[in-house]
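First up is the structure itself, then whatever we jot down about it.
Every number here is computed from the coordinates shown, using simple stated rules; none is lab data. Fair warning: this is a prediction, and the values are worked out from it, not measured in the lab. Glycine also receives a Cβ, built like all others from the backbone with ideal geometry; neighbour counts cover every protein chain displayed.
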Amino acid sequence: MYFSVGILYSALDFLKLVKSTPGLDQRFPDMFRRFSVASAAAVLDVSQKCLWVCFNPNGYLEITPRGQILLSSHSPEDALRQQIKHLVEAYNPPWVPLLTRGRAEAVKYLPPDVQQCLREADLLTPPTYEIIRWWDALAGATRKQQQDDRIAIGRQGEQLSVEYERERTKWEPIWQAIESNLCGYDILSVVDERDRSQLRIEVKTSNSIPSVAAFHITRNEWVVAQTSEYYVFHLWALQPRPRLFVAEIELVSHHIPENYGAGRWESVMIPFEAVISGIQEDS
């Protein structure tokens, strides 16, 4: 991982060298071994990964538009802030989810090298408008990535359910969630090979082991479940291998909240263990 003040400063010096020295090519690490205060190979690697430099058709290094932005930064701190953001985008380090907790909470658990980078970028001082914007932008990008990851995991579970239902019923199910996410279910299948009555399936997927997995049910999903003749939940736990638990409405109903006064529930989180203890795993 390249979250090091030395590498970031060296990468900025490297960009200046590339700009002032036409003809640098892939032999750069062999020519310098170390550049500034870091490994030349690491400097080249991070500069390519973060899209600060690229090789042109003739095999020579060139500054990219993103690299030009770094070089035009009005201060070293501004350049570091942009470099840190680019590093997070390029490498997606495991501590990224911490950023959504807020600055003070995140910093408690960040690696020392990352904390040093933030300190050098003047991002741990009393907040100014610019500092607040930087943290909010990074946290926003992190939340979007987490949302994208959840969508991808959800699609994986839906795909597994389509394949499972196709094999179970010898009928081609309809992947309803691809067409609309407002129906209150994800897959339209049938009861079994003999009974072609419609079966609505809501798929819940977790990239965890069953003992720690959980799923959310929205009010709309529950209304559709209660008003459907046949409706089940497919609970997929993907770790350490994909495992399916089929939960009937009755099992889930014990964990659905009630409305009180003027309040109305909109979503509820239920641990897998709360419902799978009463059902068998489907192979």
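Summary table below
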{"read-out": "Charge sum, other residues only, whose C-beta stays under 12 Å from I131's C-beta, Lys/Arg counted +1 and Asp/Glu -1", "value": "-2"}
{"read-out": "Per-pair calculated FRET efficiency, R0 = 25 Å: D282 and R196 via Cβ, rounded to 0.05", "value": "0.75"}
{"read-out": "Separation of alpha-carbon centers, the stretch 192-264 and the stretch 105-156, rounded to whole Å", "value": "33 Å"}
{"read-out": "Value of Rg/Rh across the stretch 5-125 [Cα atoms, Kirkwood radius]", "value": "1.00"}
{"read-out": "Peptides 58-70, 40-52 ordered by average Cβ neighbours within 10 Å, highest first", "value": "40-52, 58-70"}
{"read-out": "Which label in (1) 19.6, 55; (2) 25.8, 75; (3) 19.4, 60 gives the computed Rg and Dmax of the Cα atoms in Å", "value": "(2)"}
{"read-out": "Point-charge dipole on Cβ atoms (K/R +1, D/E -1) for the chain, about Cα centre, debye to 20", "value": "1020 debye"}
{"read-out": "Pairwise label distance in nanometres, M31 with Q116, each label 7 Å out on the Cα-Cβ vector", "value": "2.8 nm"}
{"read-out": "Integer Hz, Karplus 6.51/-1.76/1.60 couplings in order for the stretch 28-34, x for Gly and Pro", "value": "3, x, 6, 6, 10, 6, 10"}
{"read-out": "The stretch 152-282, relative contact order [Cα under 8 Å, separation at least 6], %", "value": "21 percent"}
{"read-out": "Farthest positive-ward along the stretch 177-283 dipole, Cα basis, beta-carbon charges - from Y230, Q198, A214", "value": "A214"}
{"read-out": "Reciprocal of mean inverse Cα separation for the stretch 152-282 (Kirkwood radius, Å)", "value": "15.0 Å"}
{"read-out": "Dipole of the chain, positive end: most advanced residue of N92, V18, A42 [Cβ charges, Cα centre]", "value": "V18"}
